[in-house]
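Data first, discussion second: the structure below is written as C-alpha cells.
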Amino acid sequence: MKDFTRDERIMMMLYNPGTRAGLVAELEAMRLQLTPSERRLERLSRSVLDKLDGMTEAEFDGLDLYPDI
C-alpha cells in the first residue's frame, strides 16, 4: 500500500468522486487549470497521480481517506 502524505490525502479527499479512475481524471482536469505560479499544487498533484498509477482499484478501495476524527 502506498504511503500518502497528509497534504496528498487532503487533495484526494477534495477531488475524490469515489473511484481511483475518477480521482485520476479529476486531478488531471484540475492540473489543466493551474497557472505557472501554482507550482506547489502541480508537484503535489503529480505526486498523488504517480502513487495512484501504481495502485490497483482494490488497493484504492482499501484506503481510509475519511478517518474518524
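Compared with the dominant Cα axis of the chain, that is its longest principal axis, helix 20-32 is turned about 10°. In order along the range 4-18, the Karplus-derived 3J(HN,Hα) couplings, from 6.51 cos²θ - 1.76 cosθ + 1.60 at θ = phi - 60°, round to 9, 6, 4, 5, 5, 5, 4, 4, 5, 5, 5, 10, 6, x, x Hz, and Gly and Pro are given as x.
Where nothing but the Cβ of Lys and Arg (+1) and of Asp and Glu (-1) is charged, how large is the charge dipole of the chain around its Cα centre, in debye to the nearest 20? Please report the intermediate quantities before stating the final value.
On the way: 10 positive and 14 negative charges, 70 e Å.
Here the chain has a charge dipole of around 340 debye.
Note on the chain: with neighbouring protein chains present and a 1.4 Å probe, carbon and sulfur make up 52 percent of its accessible heavy-atom surface. Against the main long axis of the alpha-carbon atoms of the chain, helix 39-53 sits at an angle near 30°.
Probe of 1.4 angstrom, ligands and nucleic acids ignored: what's the accessible area per residue over the chain, in square angstrom? The partial results should precede the final answer.
Working: 4730 Å² over 69 residues.
Here the per-residue accessible area is 68 Å².
Relative contact order for the chain: what percent, with Cα pairs under 8 Å and sequence separation of 6 or more?
Values: 40 pairs, mean separation 30.4, N = 69.
It rounds to 44 percent for the chain.
Spin-label pair residue 7-residue 38: with each label point 7 Å from Cα along the Cα-Cβ axis, the two points sit 1.5 nm from one another.
The values are calculated or read from the model by the stated rules, or taken from the named source; none is laboratory data. Just so it is clear, the structure is predicted and the values come from calculations on it, not from any experiment. Cβ: placed from backbone, ideal geometry, glycine included. Neighbour counts: every protein chain shown. Just the protein is used for accessible areas: all its heavy atoms, side chains included, with ligands, DNA and RNA removed. Shrake-Rupley method; radii C 1.70, N 1.55, O 1.52, S 1.80 Å.
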